[in-house]
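For reference, the structure discussed in these notes is given below.
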Amino acid sequence: MLVLASGEEPWSGLLIPTEHQFHDAIVKEFSDVVQHSVLKKWLYLPEATEDFETVASSDIVDAVRMNDQRFGVEPKERVSRKKKVRKKTINIPILNSLILPLTFLV
């Protein structure tokens, strides 16, 4: 997956998700690519780059199409959080003078 963003810097260019271990190799191969200033796990090719279209479409997209394993991030398995169990206590009058507290789970 690649993201083409068209906002204000640093959101104007090609955002490239990749693991940190591959950053150096990708930056070395594609000299205009830098680490994104906000999303540190992502690399970034600014749209202001002189050969943006050539580098983005011909070089990086071709590498992704060729299933270059340096590109992309495997999502981590999500751990489900247990719901908090709420307890509710109500008082039930039994007879005239005895009150029995009753607790149940909501």
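Only residues that are surrounded by 15 or more Cβ atoms within 10 Å (Cβ to Cβ) and in a loop (DSSP other than H, G, I, E, B) were counted in the stretch 5-28, giving 2. Could you go through the stretch 31-44 and let me know if any residue there is under 21 Å from ALA5 (Cβ atoms), in contact with a Gly (Cβ under 9 Å, 6 or more places away or on another chain), at pLDDT 90 or above and among the aromatic types (Phe, Trp, Tyr). Within the stretch 31-44, one or more residues are under 21 Å from ALA5 (Cβ atoms), in contact with a Gly (Cβ under 9 Å, 6 or more places away or on another chain), at pLDDT 90 or above and among the aromatic types (Phe, Trp, Tyr). Any residue in the stretch 63-86 that is buried (at least 17 other Cβ atoms within 10 Å of the Cβ) and in contact with a Leu (Cβ under 7 Å, 6 or more places away or on another chain)? Among the residues of the stretch 63-86, not one is buried (at least 17 other Cβ atoms within 10 Å of the Cβ) and in contact with a Leu (Cβ under 7 Å, 6 or more places away or on another chain), which makes the answer no.
Pairs are defined by a Cβ separation below 9 Å, a sequence spacing of at least 6 or placement on different chains, a first member in the stretch 3-31 that is more than 17 Å from THR54 (Cα to Cα), and a second member that is in a helix (DSSP H, G or I); the pairs so defined are THR18/ILE26. Residue count for the stretch 1-30, restricted to those that are out of contact with any strand residue (DSSP E or B) (no Cβ under 9 Å at 6 or more places or on another chain), more than 20 Å from ASP68 (Cα to Cα) and either modelled with pLDDT of 95 or more or of a type in the set (D, E, K, R) (or both): 1. Residues in the stretch 29-86 that are basic (Lys, Arg) and part of a loop (DSSP other than H, G, I, E, B): LYS40, LYS41, ARG70, LYS76, ARG78, ARG81, LYS82, LYS83, LYS84, ARG86.
Residues in the stretch 29-60 that are surrounded by 12 or more Cβ atoms within 10 Å (Cβ to Cβ) and among the hydrophobic types (A, V, I, L, M, F, W, C): PHE30, VAL33, VAL34, LEU39, TRP42, LEU43, LEU45, PHE52, VAL55, ALA56, ILE60.
The values are calculated or read from the model by the stated rules, or taken from the named source; none is laboratory data. Since we're looking at a predicted model, the values are computed, not measured. As a convention, Cβ positions derive from the backbone with ideal geometry for all residues, glycine included, and neighbour counts pool all protein chains shown.
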